[in-house]
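Read through the structure below, which is laid out as structure tokens, and then see the notes.
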Amino acid sequence: MRKLLLIVILICGIKAESIAQLQKDSWMLEGGIQFGKEHLNSPDPDFNYVPEKSFSVGPKLGYFIADGLAFGLSANWGSEWTPNTGVGNGLLPDFYKSSIYSYGGGVFVRKYVEIKDGLSFYGELGTELTWTRIRVKEGNPPTVNSSPAGKNLEIYGRLGLQYLISPKIGVHLSSKLMYYQSDRSDLGFVTNQKQFRTGFILDPRFGFTFFF
């Protein structure tokens, strides 16, 4: 009987904690880290495409202004770099490495709807503005050139499903339902591109959310 009572108290405590994480004046923290490498093969054995590597981070911090309703800020920073790997890659001998840096931020609002204990649907609307800068380093003579390379505006809507695996940690699976992008780049010539997409599986993501 005592063990049954302890189990009931524990379950009730976890349920109360799970509800408390989505209440007013609580905080949430999540984000992502991405690594990438791209290398294309050439049919010409004397020519090798230069491998491109990338790295990016994107933290998000939200504050619950009402029960189940969070408003927050997002940030992003990333880098893509292309090194000179030697003869046969089609690059000039003086070229050493080029890097494209991206940085920006935005705002979002997220609404949670609890299905049952610890399991919730959520919808999110947000926007992010990102700037890019290109940096080219040459080896002979040693010079570094840096200049703005572009700007990107994104507006999106995302739908997700979250489950609390502990009172302060949740796992989520989400996907964009729509997004609009306006991109302006300047890599020696200016290009402007706009696109709007809708669907059920756009940019799917799996991750963790921390509550405190």
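A short reminder: the numbers here are calculations on the coordinates, not readings from a lab. A quick note: this is a predicted structure, and the numbers were derived from the prediction, not measured. Backbone-built Cβ (ideal geometry, glycine too); neighbour counts: all protein chains shown.
What to note about this one:
- Between Leu202 and Lys176, the built amide H atoms are under 5 Å apart, and every one of these is 5 or more places off in sequence or on another chain.
- Converting phi to 3J(HN,Hα) with the Karplus coefficients 6.51, -1.76 and 1.60 and the offset θ = phi - 60°, region 59-68 yields x, 9, 10, x, 10, 7, 7, 7, 4, x Hz in sequence order, with x at every glycine or proline.
- Separation in nanometres of the label points that stand 7 Å from Cα toward Cβ, at Ser79 and Val136: 2.0 nm
- Amide H partners (placed H, <5 Å) of Gly32, local residues excluded: Gly58
- Rounded to whole Hz, the Karplus (6.51, -1.76, 1.60) HN-Hα couplings of region 191-197, x for glycine and proline: 10, 10, 9, 10, 8, 9, 9
- Here the calculated FRET efficiency for Phe55 and Val113, from their Cβ-Cβ distance with R0 = 30 Å, stands at 0.30, rounded to the nearest 0.05.
- With θ taken as phi - 60° and the Karplus curve 6.51 cos²θ - 1.76 cosθ + 1.60 applied, the whole-hertz 3J(HN,Hα) list for region 159-164 is 10, x, 10, 10, 10, 7 Hz, x standing for glycine and proline.
- Chymotrypsin sites (Phe, Trp or Tyr not before Pro) restricted to region 171-206 and DSSP loop, no more than 10 other C-beta within 10 Å: Phe189
- In region 153-212, one over the average inverse separation of all distinct C-alpha pairs is 13.7 Å, which is the Kirkwood hydrodynamic radius.
- Segment Leu129-Lys151, length gained on full extension (0.36 nm per residue, minus Cα span): 7.2 nm
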